[in-house]
Amino acid sequence: MKRTIFVLVGVLGAMLTGITPASAAVDCSAGGYTRVYHSYIPTNWERGAIDGRSYNIGANMSYDYEICLDIPDGETFSIEVRIYNNGNWSTFEDDRPGDKVFRYSLAPNSFWQVYGTLTGPGSTYLYYDWHEKLL
């Protein structure tokens, strides 16, 4: 099942701004994404840096990201973005099945890492595409 999610991660914590099912299948190739990361992940095992970066450092600027995640049909990719900003940790989680689009914002002087677990047949590796753009 394909769904769309829009999320804003704030300075002091994660705030879910709205979840709606997509009226049509998510098409990551039509979104004008400036960075595409094609990778694979062992199934049923949490792994960090699924966006292709060990850590993301925000420096003194704020960032707004839109992500489109393309995964194999019928699978679920649980995403967790862990954000540290000014002494506070916050997380955003999305464990709904299917391809998804989500957005999050980061405050200045933050760093974050993206973790993920892709469900699927045991002892296999499945490929995914992480499409990303700054808004």
Determine the pairs where a residue that is more than 14 Å from LEU106 (Cα to Cα) and touching a residue at least 12 places away in the same chain (Cβ under 8 Å), located within region 44-60, has a partner that is of a type outside the set (Phe, Trp, Tyr) and part of a strand (DSSP E or B) with Cβ atoms under 6 Å apart, the partner being 6 or more residues away or on another chain.
GLU46/THR117; ARG47/ILE41; GLY48/GLN113; ILE50/VAL114; ILE50/GLY116; ASP51/VAL114
So which residues in region 13-52 are surrounded by 11 or more Cβ atoms within 10 Å (Cβ to Cβ), assigned to a helix (DSSP H, G or I) and at pLDDT below 90?
SER29
The lone exception for SER105 - which of (1) under 11 Å from the mean Cα position of the chain (by Cα); (2) small (Gly, Ala, Ser); (3) over 20 Å from GLY120 (Cα atoms) it fails
(1)
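Given ASP70, ASP64, which one is of a type in the set (Asp, Glu) and farther than 25 Å from ASN44 by Cα?
On the way: ASP70 fails: farther than 25 Å from ASN44 by Cα.
Exactly one of ASP70, ASP64 is of a type in the set (Asp, Glu) and farther than 25 Å from ASN44 by Cα, namely ASP64.
The values are calculated or read from the model by the stated rules, or taken from the named source; none is laboratory data. Predicted model, so just to flag it, every value in this text is computed and none were measured. Ideal geometry is used to build each Cβ from the backbone, glycine not excepted, and the neighbour counts take in all protein chains shown.
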